[in-house]
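J.: This is the structure I have questions about; it appears just below.
Each value in this text was obtained by applying a stated rule to the coordinates, not by laboratory testing. Fair warning: this is a prediction, and the values are worked out from it, not measured in the lab. Ideal geometry is used to build each Cβ from the backbone, glycine not excepted, and the neighbour counts take in all protein chains shown.
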Amino acid sequence: MVKKFNLGDIVELKKKHPCGENKWEVMRVGIDFRIKCLGCEKQVWLSRPVFEKRVKKIIKSSDE
Ligand SMILES: [Zn+2]
């Protein structure tokens, strides 16, 4: 099943950020994803396959 991600989704990653947070907000979707750490607000770019591999689950979908 292909997961669908939307702007504003809150996702949990498998690995914690160094600041201790593991929840991130999706800022941009596409070939590359930009996500923002909810703990320290650092933003990072990840390619889609890397992002999908790191996501543990979608905590809040902006679709709902
Ligand atoms: Zn952080």
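J.: Please enumerate the residues belonging to segment 9-22 that are within 11 Å of the ligand (Cβ to nearest atom) and buried (at least 16 other Cβ atoms within 10 Å of the Cβ).
T.: LEU13, HIS17, GLU21, ASN22
J.: Quick one: in segment 35-64, which of the residues that are basic (Lys, Arg) and in contact with a Lys or Arg (Cβ under 8 Å, 6 or more places away or on another chain) is nearest to ASN6 (Cα to Cα)?
T.: LYS36
J.: Restricting to segment 27-64, and then to whatever is assigned to a loop (DSSP other than H, G, I, E, B) and within 16 Å of the ligand (Cβ to nearest atom), can you tell me which residue is nearest to the chain's Cα centre (by Cα)?
T.: Restricting to residues being assigned to a loop (DSSP other than H, G, I, E, B) and within 16 Å of the ligand (Cβ to nearest atom), the top hit is LEU38.
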